[in-house]
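The values are calculated or read from the model by the stated rules, or taken from the named source; none is laboratory data. The shown structure was predicted, so the numbers you read here are calculated from the model rather than taken from an experiment. All Cβ positions, even for glycine, are placed from backbone atoms using ideal geometry, and neighbour counts span all protein chains on display.
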C-alpha cells in the first residue's frame, strides 16, 4: 500500500472534483482517492498503482495533473 | 409553445451547465433547454411551462436564476 500525490489544475467546482475522483477510482489497485478543489491536491492510495495511469485518468476527466 | 428566458449565476464549468440542463429538462411541458455557460443565459421552450418550476429546478441544481 502506498500513497501518490499529484496537483490537478483546471478544476472549478465540486462537479470537477467528482469527475476526477470517479476516473481515478477506476484505476486498478486504487483503494482511496482524495481531491481538494481549492488546492488541486489529489492523493491516491492503493497497491501498485501506476502513476502514469493516474495522469491519464485525470486527462480523461478533462483536467491536467502533475506529480507533486 | 413559448420560450422563457432566465439568467443563471454560479455556473463555473460544463458540468454545471449539464446539471442545470438536466434538472430543467425534467419539468413538465419542457421541449428544449439551452444553457450558455459564459453568459448564464438559460432559454426554456415548451408548452405551458411554469416559470416558477424553472427557478426551482435551477435552485435544485445548486444555482440561482432570475427571469431575464
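Some observations on this one:
- Exactly one residue out of A:61, A:57 is away from chain B (no Cβ under 14 Å) and out of contact with any strand residue (DSSP E or B) (no Cβ under 6 Å at 6 or more places or on another chain), and it is A:57.
- Selected residue [within 10 Å of the chain's Cα centre (by Cα) and within 30 Å of residue A:17 (Cβ to Cβ)] from B:39, B:25: B:25
- Matching entry among B:39, B:19 (being within 16 Å of residue A:14 (Cβ to Cβ) and modelled with pLDDT of 95 or more): B:19
- Selection status of residue A:45, touching a strand residue (DSSP E or B) at 6+ places or on another chain (Cβ under 6 Å) and at pLDDT below 95: no
- Filtering the stretch A:6-34 to residues that are within 14 Å of chain B (Cβ to nearest Cβ), buried (at least 20 other Cβ atoms within 10 Å of the Cβ) and not in a helix (DSSP H, G or I) leaves A:8, A:11.
- Taken over the stretch A:35-57, the residue count meeting the criterion of being within 14 Å of residue A:2 (Cα to Cα) and assigned to a loop (DSSP other than H, G, I, E, B) is 4.
- Test: residue in the stretch A:59-68 that is in a strand (DSSP E or B) and crowded, with 19+ Cβ neighbours inside 10 Å: yes
- One residue stands out in the stretch A:35-47 among those that are surrounded by fewer than 20 Cβ atoms within 10 Å (Cβ to Cβ) and within 18 Å of residue A:66 (Cβ to Cβ): the one that is farthest from the other protein chains (Cβ to nearest Cβ), namely A:43.
- Residue in the stretch B:1-14 that is modelled with pLDDT of 95 or more, touching a helix residue (DSSP H, G or I) at 6+ places or on another chain (Cβ under 7 Å) and farther than 26 Å from residue A:14 by Cβ present: yes
- Pairs where the first residue, in the stretch A:21-43, is at positive phi and the second is assigned to a strand (DSSP E or B), C-beta under 6 Å, 6+ apart: A:29/A:46; A:40/A:7; A:40/A:8; A:40/A:9
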